Amino acid sequence: MKKAGYFFIFILNCTWGIVQSLMGFIVFLVFINKPHFWYKSSVVTVNVSVRSMKIQGGLSLGNFIFTTCNMEKEQIENSRLIKHEFGHALQSALLGPLFLIVIGLPSVIWAGCFAGWRRKHNKNYYSFYTESWADRLYRATTRR
């Protein structure tokens, strides 16, 4: 995908996906002291920690991606996690205000509430529809 395409995704998330982008901006302000990098159409904030929760991984809200990993800018380009979270940013641009209901809430529930069930039943985290679709969307944008 060319820069114009990423700009279009950025604009879609600023308009059609404004609800989750505003939520992302608020979280961004909470973690303003953490390192930030641009990745395609998203601002990536790294080394985010939430003391009250034992979460690992990432979160995508519109034009904002947050990860608990401590990465350098060079590592972001090759990170499967960041690519996956960018897939969620693409879902946000496609679904707009439906994103939080169709993707966001089910994804959070799958990540948190079903962690033990996934381990017990040997289910891959990325097999859930929200996660597999995010991966497919990202891969579709990188084909030439």
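Label-to-label distance, Asp135 versus Glu72, with points set 7 angstrom from Cα along the beta-carbon direction: 2.8 nm. GNM on the chain, alpha-carbon springs under 10 angstrom: the most fluctuating residue among Phe66, Phe31, Phe114 is Phe114.
The Cα center of region 78-117 and the Cα center of region 26-45 differ in position by 17 Å. Comparing Glu85, Glu74, Glu131 in a Gaussian network model of the chain, where Cα atoms under 10 Å apart are tied by springs, the biggest mean-square fluctuation is seen for Glu74. Dipole size of region 1-120 about its Cα centre, with +1 on Lys/Arg Cβ and -1 on Asp/Glu Cβ: approximately 320 debye, rounded to the nearest 20. Taking the chain, how many lysine pairs are there with alpha carbons less than 13 Å apart, if each pair must be eight or more places apart or span two chains? Lysine pairs satisfying the spacing and distance rule in the chain number 5.
With N counted as the residues of the chain, its alpha-carbon radius of gyration over 2.2 N^0.38 Å works out to 1.00. Between Asn78, Asn47, Asn63, the GNM of the chain built on Cα springs shorter than 10 angstrom shows Asn78 fluctuating the most.
Counting Lys and Arg as +1 and Asp and Glu as -1 over every other residue whose Cβ lies under 13 Å from the Cβ of Lys83, the net charge comes to 0.
Every number in this text was worked out from the coordinates using simple rules, so none of it is lab data. Please read these numbers as outputs of a predicted model, since none were measured by experiment. When we count neighbours, we look across all protein chains shown, and the Cβ atoms used for this are built from the backbone with ideal geometry, even at glycine.
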